[in-house]
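Colleague: I am attaching a structure below and will ask some questions about it afterwards.
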Amino acid sequence: MIKIVKVGIEHAELIAEIGKKAFLESHGHSASVEDMNSFISKTYNKESISKEFENTKVQYHLIYSNDIVAGYSKIELSCANQDINELNVTKLDRLYLLKEFYGQKLGAKLLEFNIQLSKKNNQKGIWLAVWTENQTAINFYTKIGYKIVGEYSFKLSETKSNPNHIMFLKYE
């Protein structure tokens with residue numbers, strides 16, 4: 001059974017733990033151990049995640065598979081991007097699934113949930129940044145209808161950045 005639940009600041013520690021693990025699983029090989037550890041320690045901790053809840057446009061959702069947390073999403077409503085000529089677009093900031101849940105279509109279900117949520121909030125589309133070397137993710141988003149509309153340099157540390165595509169799905 002799959003369940004998607006909106007969560008609040010009281011789940012910040014759980015989100016941080018999933019974020020650390022999922023980020024390492026998908027991006028751990030993209031930089032040195034030092035750069036990865038530096039980024040993760042700054043980004044995926046209870047305090048940093050708790051601070052994100054101060055933005056009322058941000059929403060976190062956990063996805064459960066048979067009552068076990070499988071991952072989470074973070075969206076920000078009405079978040080403009082310089083490469084998108086639409087107002088009122090949603091940023092899909094994170095769509096993280098733990099590796100043991102890959103291949104169960106949970107990512108697709110969580111993405112579709114967020115698209116529908118975005119539409120209900122009168123958004124015109126949804127965008128994200130995806131690492132240019134993450135071909136699996138690029139294929140996943142392209143198959144759904146996302147288009148590459150720009151580039152973004154994702155800063156991991158003072159010395160390391162990873163190139164990303166900006167991908168956008170415009171609603172019809």
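Colleague: Given the criteria open to solvent by 80 Å² or more (accessible area, probe 1.4 Å) and either small (Gly, Ala, Ser) or farther than 20 Å from residue 141 by Cα (or both), does residue 66 qualify? Reasoning before the result, please.
Modeller: Values: open to solvent by 80 Å² or more (accessible area, probe 1.4 Å): yes; either small (Gly, Ala, Ser) or farther than 20 Å from residue 141 by Cα (or both): yes.
When the stated conditions are applied, residue 66 passes them.
Colleague: Check residue 73 against each of (1) without any contact (Cβ under 8 Å) to a residue 40 or more places away in the chain; (2) of a type in the set (Ser, Thr, Tyr); (3) crowded, with 17+ Cβ neighbours inside 10 Å and name the one condition it does not meet.
Modeller: (1)
Colleague: Something else about it: Surrounded by fewer than 15 Cβ atoms within 10 Å (Cβ to Cβ) and in contact with an Asp or Glu (Cβ under 7 Å, 6 or more places away or on another chain): which single residue out of 42, 91, 99 fits that description?
Modeller: On the way: 42 fails: in contact with an Asp or Glu (Cβ under 7 Å, 6 or more places away or on another chain); 91 fails: surrounded by fewer than 15 Cβ atoms within 10 Å (Cβ to Cβ).
So the residue among 42, 91, 99 that is surrounded by fewer than 15 Cβ atoms within 10 Å (Cβ to Cβ) and in contact with an Asp or Glu (Cβ under 7 Å, 6 or more places away or on another chain) is 99.
One line per residue, one yes/no per condition, for (1) among the acidic types (Asp, Glu); (2) on the phi > 0 side of the Ramachandran plot; (3) touching a helix residue (DSSP H, G or I) at 6+ places or on another chain (Cβ under 9 Å):
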position	(1), (2), (3)
4	no, no, yes
13	yes, no, yes
24	no, no, yes
33	no, no, no
37	no, no, no
40	no, no, yes
44	no, no, yes
50	no, no, yes
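Colleague: Scan (1) at pLDDT below 95; (2) crowded, with 18+ Cβ neighbours inside 10 Å for the single condition residue 114 breaks and write down its number.
Modeller: Unmet for residue 114, out of (1) at pLDDT below 95; (2) crowded, with 18+ Cβ neighbours inside 10 Å: (1).
Colleague: Is there any pair with a first residue in region 1-15 that is more than 16 Å from residue 75 (Cβ to Cβ) and a second that is of a type in the set (Val, Ile, Thr) and in a helix (DSSP H, G or I) whose Cβ atoms are under 6 Å apart and which are 6 or more apart or on different chains, and what are they?
Modeller: 12/49
Colleague: If you go through region 113-129 one residue at a time, how many are outside any strand (DSSP E or B), on the phi < 0 side of the Ramachandran plot and not basic (Lys, Arg)? Explain how you work it out, then say what you get.
Modeller: Filtering region 113-129 down to residues outside any strand (DSSP E or B) leaves 113-124.
From what is left, the residues that are on the phi < 0 side of the Ramachandran plot are 113-121, 123-124.
If we keep only those that are not basic (Lys, Arg) as well, we get 113-118, 121, 123.
Counting residues in region 113-129 that are outside any strand (DSSP E or B), on the phi < 0 side of the Ramachandran plot and not basic (Lys, Arg) gives 8.
Colleague: Within region 119-133, count every residue that is under 23 Å from residue 23 (Cβ atoms) and more than 13 Å from the chain's Cα centre (by Cα). Give the derivation first.
Modeller: Step one: of region 119-133, the residues under 23 Å from residue 23 (Cβ atoms) are 126-133.
Narrowing further to those that are more than 13 Å from the chain's Cα centre (by Cα): 132-133.
Qualifying residue count, region 119-133: 2.
Colleague: Now for a separate question. Within region 155-172, track down each residue that is open to solvent by 40 Å² or more (accessible area, probe 1.4 Å) and in contact with a helix residue (DSSP H, G or I) (Cβ under 9 Å, 6 or more places away or on another chain). Before you say what the answer is, go through the steps one by one.
Modeller: In the first step, residues of region 155-172 are kept if they are open to solvent by 40 Å² or more (accessible area, probe 1.4 Å); the result is 155, 158-161, 163, 170, 172.
Listed by number, the residues that qualify are 155, 158, 159, 160.
The values are calculated or read from the model by the stated rules, or taken from the named source; none is laboratory data. Keep in mind it's a predicted model, so treat the numbers as computed, not measured. For neighbour counting, all protein chains shown are included, and Cβ atoms are generated from backbone atoms with ideal geometry for every residue, glycine included. With ligands, DNA and RNA removed, areas are computed over all heavy atoms of the protein, side chains included. Shrake-Rupley method; radii C 1.70, N 1.55, O 1.52, S 1.80 Å.
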